[in-house]
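The structure appears below as structure tokens.
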Amino acid sequence: MISAQADRDVVITGIGIVSSLGEGIETHAAALAEGLQPVVDTEGFKPYPIHPLAALELDRQIPKKSDQRQMEPWQRLGVYAAGLALDSAGLKEDTEAKSALQVIVAAGGGERDHAVDSAILTGLRNANAPGAYLNERLTGDLRPTLFLAQLSNLLAGNIGIVHGITGPSRTFMGEEQAGVDAIRIAQARIAAGQSELMLVGGAYNAERRDMLLLLELGGFLRHGSFAPVFARDDAPGAITGSAGAFLVLESAARAAARGAKVHARLGRVAASHARRQPGGVETALTGLLDGLGAAPTLAISAATGCAGITAEEAAALSKSAPTARRVATGDLVGHALEAAFPVSVALAAIALSTGQAKEAVVTGAGHWRGEGAARLIQA
């Protein structure tokens, strides 16, 4: 088990979040408080329901059209959410702060050009010289940036370029656990005095047939209609959602010195990697939650909806937070893989910032591996 003990208080001073519901703190606070109906598309990728991204005015956070064009949808989503977080923290125009700001991104691989892939595969069937045909089409049809676009750390690079951040950055890959470790390490670095200011988060585009194919091959997707995360016994599986969230984390002393609004205090964040045997996830999450020392009134779960592990996550919450109000992130915005944990932490911080809870825990078990938990306290 890996965990971080907070030596200094770490606070959240900026929240940027976008999803199928829209963007910003107010929209998602209303969804948490009022239980708004989720936005679900059951036809576009049938038989797989998804939560599609709400329309964004990209120019608000990515003013140059040339920057927008060279990014894939998930990168535009992440850069946009990062800009919202900087605005929320009051740092967008603070050049000095952005020179010290460290960025941690949880990201997956780049996106395929589906139209080109389909055309090449169709032509390959009847090609007289398949090898020569493939080389010619790959050379002529793929845009020059396609291979580079596969690099996950381009999201961190684009955040730096668009928003003028000149501090160091790092990128984590590894599905849901990338999001857990991004939050965990950002919190730990500030708590240990290794950093004063961090921008951390992730983004995921669910409207990708290649990712739906990969998840379906593992049996991880729900078919048919929408159902709440903890009520999918009829057809277990994840309903993915396009979403992104970034948080500005600061030491409490730095935030106080500049008079920043504090949305919530981020306590311990912990992670584990249990063997996926019956009961393993429940045991791991129970241990993580008990180690947080929390008495939550709210539990935000990044549960996938997949068979077995979702029930075990529910059981762990019932043991360690029996009186807490439970909210599944997937019921509101869908499951966002690498971004699932950052989105869930952002929702918890929003709930605390708007007075909906005094203390919260966030949990999540990856569809394939890894577990995580975090504690947040009202500022």
key: Highest-MSF residue in the chain out of Gln277, Gln75, Gln177 [GNM, Cα springs under 10 Å]   = Gln277
ask   = By how many nm would the segment from Arg60 to His273 grow when fully extended, if each residue of separation counts as 0.36 nm and the alpha-carbon distance is taken off?
value = 72.7 nm
remark   = Ordering 232-240, 88-96, 182-190 by per-residue average of other C-beta atoms within 10 angstrom, highest first, gives 182-190, 232-240, 88-96
ask   = Relative to the present Cα-Cα distance, how much length would full extension add between Asp234 and Ala33 at 0.36 nm per residue of separation?
value = 69.6 nm
key: Under 5 Å, built H, 5+ apart or other chain: amide partners of Gly267   = Arg375, Leu376, Ile377
query = Using 1/(1 + (r/R0)^6) with R0 = 45 angstrom and r between the beta carbons of Asp290 and Leu214, what's the FRET efficiency to the nearest 0.05?
reply = 0.85
note = What the Cα atoms of region 115-262 span along the principal axes, largest first and in whole Å, is 70, 45, 22
ask   = Using 1/(1 + (r/R0)^6) with R0 = 22 angstrom and r between the beta carbons of Asp113 and Leu134, what's the FRET efficiency to the nearest 0.05?
value = 0.90
query = Say we join alpha carbon atoms closer than 10 Å with springs in a Gaussian network model of the chain; which of Pro47, Pro296, Pro73 then has the biggest fluctuation?
reply = Pro47
query = Excluding same-chain residues fewer than 8 positions from Lys358, which lysines have a Cα within less than 18 Å of its Cα?
reply = Lys261
remark   = Here the convex hull volume per residue of the chain, taken over Cα atoms and given in Å³, is 136
Accessible area of the chain belonging to carbon and sulfur atoms, whole % at 1.4 Å probe = 53
inquiry  = List the residue ranges in the chain for DSSP H helices whose C-alpha atoms run 27 angstrom or more along the long axis and whose Kyte-Doolittle average is 0.5 or above.
reply    = none
Solvent-accessible area per residue for the chain (1.4 angstrom probe, square angstrom) = 40
key: Highest-MSF residue in the chain out of Ala256, Ala328, Ala357 [GNM, Cα springs under 10 Å]   = Ala256
task = Determine ³J(HN,Hα), in whole Hz, for all residues of region 243-250 in sequence, where each value follows from phi through the Karplus function 6.51 cos²θ - 1.76 cosθ + 1.60 and θ = phi - 60°; x replaces Gly and Pro.
result = 7, x, 8, 10, 10, 9, 9, 9
task = Note down the magnitude of the dipole of region 226-284 about its Cα centre, charges +1 on Lys and Arg C-beta and -1 on Asp and Glu C-beta and zero elsewhere, to the nearest 20 debye.
result = 420
key: Gyration tensor over alpha-carbon atoms, region 84-184, equivalent ellipsoid semi-axes in Å   = 39, 15, 10
task = Round to a whole angstrom and tell me the spacing of the C-alpha centers of region 210-246 and region 76-100.
result = 31
ask   = Which order do Arg125, Arg276 take by accessible area at a 1.4 Å probe, largest first?
value = Arg125, Arg276
message = On a 1.4 Å probe surface of the protein chains, which of Thr139, Thr13 comes out largest in accessible area, and what is the full order?
response = Thr139, Thr13
message = From Cα pairs below 8 angstrom and at least 6 apart in sequence, can you work out the relative contact order of the chain, rounded to a whole percent?
response = 26
task = Mind listing the long-range amide H neighbours of Ala328? Cut-off is under 5 Å, sequence gap 5 or more, other chains count too, H placed in the peptide plane at 1.01 Å from N.
result = Ser301
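The values are calculated or read from the model by the stated rules, or taken from the named source; none is laboratory data. Small disclaimer: the values here were computed from a predicted structure and weren't measured. Cβ coordinates were reconstructed from backbone atoms using ideal geometry, including for glycine residues, and neighbour counts include every protein chain displayed. Ligands, DNA and RNA are stripped out before the accessible areas are found, and what is left, the full protein with its side chains, is counted by its heavy atoms. Shrake-Rupley method; radii C 1.70, N 1.55, O 1.52, S 1.80 Å.
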